[in-house]
1. Kindly report the accessible area of the stretch 1-138 per residue (heavy atoms of protein chains, probe 1.4 Å, no ligands, DNA or RNA), in Å².
2. By how many nm would the segment from His44 to Asn226 grow when fully extended, if each residue of separation counts as 0.36 nm and the alpha-carbon distance is taken off?
3. Rounded to two decimals, what is the ratio between the C-alpha radius of gyration of the stretch 169-243 and 2.2 N^0.38 Å?
4. With a 1.4 Å probe and all protein chains left in place, how much accessible area per residue does the stretch 173-269 have, in Å²?
5. Ratio of the stretch 461-509's C-alpha Rg to 2.2 N^0.38 Å, to two decimals?
6. Note down the nm distance, to one decimal, between modelled labels 7 Å out along Cα→Cβ at Arg444 and at Glu496.
7. Based on the Cβ-Cβ distance from Trp22 to Glu92, what FRET efficiency comes out when R0 is 22 Å, to the nearest 0.05?
8. Using the structure shown, select from Lys20/Lys360; Lys426/Lys471; Lys166/Lys306; Lys254/Lys406; Lys360/Lys474 the pairs with a Cα to Cα distance greater than 32 angstrom.
Amino acid sequence: MSIEIELKLSASTDKIQRVKQWLVEVGASKNNTAAIEWEQKQLHNIYYDTKNHRLRETDIGLRIRKDGDRYIQSVKSAGRVVGGLYQRNESESDIAENKLQLELVDEPYLMILLEEAEEEDGPLAPIFATNFTRDQVTIDYQGAEVEVALDQGHINCIGDDVVAEKLELCEVELELKDGDASVLFALGNELIERFGLALDSESKAERGYRLCHNAPEYTKRLNIVNLTSKTSAEGAFESIAHKGLGHWQYYIKKIKREPSVEAVLQLNRALMFMQTMYSVFAAVIPRHSLLDLRRDWREITKNLSKLIVIAEEINWLKNSKLYGFEYSELTPEESRLEQEFATEHQEFVEYLQTPSYNLKLLRFSRWLYLKKWREAIGESNLEKIQKKEVFPYARKQLQHLLRDLKRHLSDKVSLTSKDYINYLPKMSRTLDIGLFFGCLFDDRARREYRQSWADIVANIQLLEQLAYLDKTLKEKGVEDPLIAEIEAETLIVLQEMREEALSKNPYWN
Ligand SMILES: O=P(O)(O)OP(=O)(O)OP(=O)(O)O
């Protein structure tokens with residue numbers, strides 16, 4: 001079993017030709033000898049799974065590749081994707097014929113998973129195929145050996161669970177064969193700047209499943225970060241950053257495919273999550289090492305901001321209907337929002353293809369992958385933060401938050417809708433911090449405690465929705481006393497809820 005480290009960039013046919021030409025020039029001028037040698041292959045790959053796609057669920061890709069006269073069976077784990085950089089476990093074995101031979105998988109753990117899937121969920125059968133031409137060359141780039149593959153072809157479904165017939169493939173893959181992973185970022189940077197390629201965090205297998213797996217899509221929510229009490233504060237920071245970035249990437253893939261309001265709201269969640277992370281870890285990760293990155297994310301946020309505002313308004317109107325607030329006067333407003341959303345969506349998707357966005361994401365991925373903050377810390381402090389335990393740190397942060405909550409939401413002060421709404425971002429940040437560190441504490445106690453605060457947040461969101469509805473209706477010359485009634489009731493409920501929430505013993509004590 002080996003670990004594959006690979007940077008993937010999406011391209012177009014003409015860009016691929018230009019990349020090819022450029023690599024010839026770079027290769028030749030470097031060695032000062034003859035042109036680099038390209039190898040061209042026709043690769044035919046069939047991906048297997050059980051009928052209910054059990055392997056997909058376990059994030060395993062199983063395929064047989066036909067490469068000339070060779071048949072190669074490979075199993076890949078989903079691993080970790082940072083920007084377009086993939087780190088995956090991979091097991092490859094030559095097989096005599098076009099037939100799975102699970103006993104050849106050299107990682108016992110993976111072999112057991114595959115055999116179990118077959119025993120419990122039926123035979124492994126072909127699901128989809130990728131057929132592409134690969135132009136491949138190994139270059140020496142800044143002292144490292146990098147295999148560059150230019151892939152062009154298609155993904156096709158096999159069988160009857162078909163969504164669409166064919167998906168085009170056109171991508172550049174940079175695989176590190178020897179040397180430092182930082183070189184992949186440098187080469188990726190060059191390819192984005194020169195040819196406008198875009199980072200791609202969706203593997204061929206993922207795309208194949210999307211095309212051929214007719215399963216309903218569910219909303220993936222940001223959930224608790226996986227930490228143990230042995231994790232250092234620095235390690236916790238990394239896990240949280242990966243979680244935030246993973247959420248961002250997931251919904252970027254979705255938004256590139258379709259104009260989804262939910263995806264925009266979730267992207268906003270990812271941005272808030274990462275912002276909170278920076279402030280919570282200010283004592284661990286020096287602020288000055290973050291300046292450029294924060295500026296980058298601010299600019300990305302700016303490009304998404306209009307879409308966020310429209311998505312929120314669409315969402316408020318939709319939710320209001322669920323509460324029974326339906327007004328024919330608002331129908332033109334809804335259509336206007338839908339239209340604006342479509343236009344802004346188009347613009348944002350175009351922005352996602354620009355070097356400006358892709359270089360920023362690459363910079364962040366590089367910083368995270370290569371733990372670049374360490375350079376700003378200095379030897380002695382580095383040792384300190386590596387030894388700093390997360391548990392006391394987490395407690396301190398949670399305690400600090402509670403003090404702030406008590407100050408603002410004490411049952412002694414009476415609060416208006418506006419006060420609550422103004423406090424909402426802070427409340428949401430508080431819940432995120434619970435996700436950062438929750439894993440370190442008793443799960444039941446944590447859930448119970450969190451629920452009281454989550455209910456408060458849900459009610460404040462209702463107030464926010466009512467305020468928007470009221471304002472929009474008034475603009476149309478409509479007044480509905482029911483809105484004020486529900487608002488008053490919600491304020492009473494919130495008063496009781498905060499009394500109860502504040503009286504509970506926090507789970508970290
Ligand atoms: O040839 P590989 O192993 O890089 O695999 P692939 O067919 O390019 O697929 P992926 O998108 O998983 O790298």
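The values are calculated or read from the model by the stated rules, or taken from the named source; none is laboratory data. All values derive from a computational prediction rather than experimental measurement. Note: ideal-geometry Cβ built from the backbone for every residue, glycine included; neighbour counts use all protein chains shown. Quick note on the areas: whole protein, heavy atoms, side chains included, nothing else; ligands and nucleic acids left out. Shrake-Rupley method; radii C 1.70, N 1.55, O 1.52, S 1.80 Å.
1. Values: 6840 Å² over 138 residues.
Each residue of the stretch 1-138 exposes 50 Å² on average to a 1.4 Å probe.
2. Contour length minus the Cα-Cα distance gives 61.7 nm.
3. 1.54
4. Accessible area per residue, the stretch 173-269: 37 Å².
5. 1.61
6. Roughly 2.6 nm, to one decimal.
7. So, using R0 = 22 Å, E works out to roughly 0.15.
8. Lys166/Lys306; Lys254/Lys406; Lys360/Lys474
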